[in-house]
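To keep things clear, I will list the structure first and then write my remarks on it.
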Amino acid sequence: MFKSGTGRRWVKPWFQSLWELVYPSPEYCPFCHTGTVPEGLPGCRACIARINPSMHQLRLPRYQGFAVGYYHDYLQHLLYQIKYLNQYRPAVALGRLMALAAKEQPEFQAVDYFLPVPLHHERLLMRGFNQTEALVEGMNQVWPHRVCRAARHKPTAFQSGLPPKERIKNLRQAFMLADPAVVKGKKLLIIDDIFTTGATFYSLADLVHRYQGVPMGLFLAHSDS
């Protein structure tokens, strides 16, 4: 028979677990860290409204591409935190938001693989994680797909500081597929955070096309600059 002191040590964790099951602690928003997250959403209602997701098709000369939102103030702020302040959780939550929008898109119904845009290993060591892989992690929580891997075997300058022609040159032969044979006849959804000139997307999409795959693009944000 348990002594009363020992019994109290057992009762408290059991009661706490029961309490948390009946009255779970609220999940706080990964974006603002203050609002609570309603069931089925990746963030609080206020932050989702500020992000203002609006799936739209991009006018591309070849391939198909879609963006979930526009690169405006709040989304720009969140991406800055992710890429330069190593904020992983918001990236996963934004991936969930992308999947919620994309899984209803008719053009994406036959997608076979997600293909996150890779970082060069030097950039990966500096940043700590690849934000596009974090987006894919969040997407797979909502809309699961196999992941096709690519590598950026050529170190490249930051695209944001280059004019359009230099961006294309910067990414020439920068990527390689981990297993080129798997893409033949498959539809691959290339995942990236921002679409600006499309240089990164086209470089990777052309590579997929070269191995007889069907590339499409899905971007968190679309920027005109």
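All of the numbers you see were taken from the coordinates with simple rules; none came from a lab. For clarity, every value in this text was computed on a predicted model and none was experimentally measured. For neighbour counting, all protein chains shown are included, and Cβ atoms are generated from backbone atoms with ideal geometry for every residue, glycine included.
Once you put a point 7 Å from the Cα of E104 and another 7 Å from the Cα of Y211, both along the Cβ direction, what distance in nm separates them?
Label-label distance for E104 and Y211, simple model: 3.4 nm.
Listed here are the pairs K83/K187; K83/K184; K103/K184; which of them are more than 26 Å apart at the Cα? Let's see the in-between values first.
Working: K83/K187 28 Å; K83/K184 32 Å; K103/K184 23 Å.
Violating the 26 Å Cα-Cα cut-off are K83/K187; K83/K184.
For the stretch 88-132, just say rounded, prolate or oblate: build the C-alpha gyration tensor, square-root its eigenvalues into a ≥ b ≥ c, call rounded for a/c under 1.5, and beyond that prolate if a/b exceeds b/c, oblate if not.
oblate
Classify the stretch 53-222 as rounded, prolate or oblate, taking a ≥ b ≥ c as the square roots of the eigenvalues of its Cα gyration tensor: rounded when a/c is under 1.5, otherwise prolate if a/b is larger than b/c and oblate if not. Don't jump to the answer; show the numbers that get you there.
Working: a/c = 1.29, a/b = 1.03, b/c = 1.25.
Cα axes put the stretch 53-222 in the rounded bin.
Please compute the length gained on full extension between R59 and S223, using 0.36 nm multiplied by the number of residues separating them and subtracting their Cα-Cα distance.
Between R59 and S223, full extension yields 57.8 nm more.
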